[in-house]
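This report refers to the structure that appears directly beneath it.
The values are calculated or read from the model by the stated rules, or taken from the named source; none is laboratory data. Everything quoted here is computed from the prediction, not taken from an experiment. Cβ coordinates were reconstructed from backbone atoms using ideal geometry, including for glycine residues, and neighbour counts include every protein chain displayed. Accessible surface areas use protein heavy atoms only, side chains included; no ligands, DNA or RNA. Shrake-Rupley method; radii C 1.70, N 1.55, O 1.52, S 1.80 Å.
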Amino acid sequence: MKTIIEPFKIKTVEAIYFTTKEERKDILEKAYYNPFSIHAKDVLIDLLTDSGTSAMSSNQWAGIMQGDESYAGSPSFFRFEESVRSITGMPLIIPTHQGRAAEKIIFTILGGKGKYFLSNTLFDTTRANIEFSGAEGIDLICDEGKHPSIPAPFKGNMDIVALQQTITKIGAENIPMVIITITNNSGGGQPVSMQNIKYVRNICAEYQIPFFIDACRFAETAYFIKLREEGYSNKTNLEIANEIFSYADGCTMSAKKDAFANIGGFLAMRDLELAIQCRNLLIVTEGFTTYGGLAGRDLEAIAIGLQEIMDEHYLQYRIRSIEYLTNKLIEAGVPVMQPAGGHAVYIDAKEFLPHIPVEQYPGQALVSALYEHGGVRGVEIGSLMFGKYDAEGKLIPAQLELVRLAIPRRVYTQSHIDYVAEVIIEVFEKKDVIKGLAIIEETPLLRHFTAKLKIIE
Ligand code: F0G
């Protein structure tokens, strides 16, 4: 088979900024070893997130010029609505300014004290919005999903037995929704199978619990289903996406991922009563029902991006490019999550830096080393992000110490990715000199965004 090439050519370019290792050492120290405090201008390859960082196509930019900024009834809204409907099949579509705004609306309406939301794995903002309403979120990931280095085709699946048991234990009346995240971002970008989605739907139907999808990376999931699940190899990505959504009562979406947009999101659903409540809250917090916190031009970019993402050549290239980097790292002995996910490579920092105890944040130490060595910015998904303290102030570590390198869509070429692999492998060869970190300042909530750290000499 020939090389799978980038399915686009480049019309506009943006310079990236080169710094020396000496400069980066200084920048890191001034940023207190926190990548969120580094100016993007000082980053060479930015893999902090795949969210809102996509390159838009010439068609999307053309759509931007057609954006109609009418407060109510903009033609841009109707194009957006039609595009979302063609993918989800949902009759009721509500635009929001990003994914978490859709979450805020739906969980404010359905959440509250004494309620439980069940998921494969909730993303941070989803969990935060559930908890902010007073409700609780429960993750029921399948067994395969708990082991980073053991490959399995659908490690994002929900544990069906645990789902049934949890419903019986808590009572269906206290569960306003089951929500499945495709692909499972916090669980390594791993996909969910159609079979699993069907099982979850059937259980939800039996107990009359609404079933929603966190659809941020639905197209990547659809392509994994095409590649890995029996009976789907001859279906189009659109047919697979249509089938996925056909099982759901609704979805939340961040258009900053699988819609190639730099901002935006939506809620889609079938229940009119619920949609009326959502729209009422939307008007208070986001904007009128035909723009929901977005400009008409943003709606156009999303409408076009949602169609473009279904392209077979794009999805083949996308999934292959993540696999390409993952395989290079595996060949060099770097411990990574397996198999490759849909949007990011996850390095197992605990194994990468066995000499650094979890109390010294090996993930953050690795993030710092990758930046210092090669100007590559990733993010820690470990005890800095999820760690808590016990009554004595001792760290309760996260289950895994990961470093996520999320690949922006259509932004970097294969040589950029080769460079990233070289940086990681060189750091791996000299890993013994990397030192642990200590927190010197932190906030009680979401501390990883603003924490200040120092090197432990
Ligand atoms: N759900 C999932 C699975 C996500 O990955 C994100 C965002 C959201 C919801 C919220 O969407 O950012 O538009 O408000 N993930 C980004 C990331 C921030 O870096 O993984 P949003």
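In table form, for the structure just shown:
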{"read-out": "Test item: Cα-centred dipole of the stretch 320-457, Lys/Arg +1 and Asp/Glu -1 on Cβ, debye", "value": "460 debye"}
{"read-out": "Positive-end residue, the chain charge dipole about Cα centroid, Cβ charges, pick of 99, 343, 227", "value": "99"}
{"read-out": "Total charge dipole magnitude, the stretch 56-180, about the Cα centre, Cβ charges on Lys, Arg, Asp, Glu only, Debye to nearest 20", "value": "140 debye"}
{"read-out": "Distance in nm between pseudo-label sites at residue 359 and residue 29 (7 Å out along the Cβ direction from Cα)", "value": "2.7 nm"}
{"read-out": "Spin-label model distance (nm) - residue 432 vs residue 246, 7 Å beyond Cα toward Cβ", "value": "5.9 nm"}
{"read-out": "Packing rank of 131-137, 100-106, where each peptide gets the mean count of other beta carbons within 10 Å, highest leading", "value": "100-106, 131-137"}
{"read-out": "Rounded to 10°, Cα long-axis angle of helix 362-374 versus longest principal axis of the chain", "value": "70 degrees"}
{"read-out": "Virtual spin-label span in nm between residue 150 and residue 454, 7 Å along Cα→Cβ", "value": "4.3 nm"}
{"read-out": "Out-of-range pairs (alpha-carbon distance over 24 Å; input 25/452; 256/388; 9/226; 104/394; 113/256; 115/169)", "value": "256/388; 9/226; 104/394; 113/256"}
{"read-out": "Net dipole in debye of the chain [+1 Lys, Arg Cβ; -1 Asp, Glu Cβ; about Cα centre; nearest 20]", "value": "220 debye"}
{"read-out": "Nearest 10 degrees, 0 to 90: helix 160-170 Cα axis against the chain principal axis", "value": "70 degrees"}
{"read-out": "Ellipticity estimate at 222 nm from DSSP helix runs (n ≥ 4, -39,500 (n - 2.57)) divided over the chain, nearest 500", "value": "-12500 deg cm²/dmol"}
{"read-out": "Top positive-direction residue, dipole computed over the chain with Cβ charges, set 366, 183, 433", "value": "183"}
{"read-out": "FRET E, pair residue 351, residue 72, Förster distance 60 Å, beta-carbon r, rounded to 0.05", "value": "0.60"}
{"read-out": "Length gained when the stretch residue 230-residue 62 is fully extended (0.36 nm per residue, less Cα-Cα span)", "value": "56.6 nm"}
{"read-out": "Burial order of peptide ranges 76-87, 162-173 (average beta-carbon count within 10 Å, highest first)", "value": "76-87, 162-173"}
{"read-out": "Bridge type composition, the chain - antiparallel percent by DSSP, nearest 5", "value": "65 percent"}
{"read-out": "Length added when fully stretched, residue 320-residue 390, from 0.36 nm per residue minus Cα-Cα", "value": "21.0 nm"}
{"read-out": "Average accessible surface area per residue within the stretch 83-148, 1.4 Å rolling probe, Å²", "value": "37 Å²"}
{"read-out": "Farthest toward positive dipole pole in the stretch 58-308 [+1 Lys/Arg, -1 Asp/Glu at C-beta], among 133, 254, 285", "value": "133"}
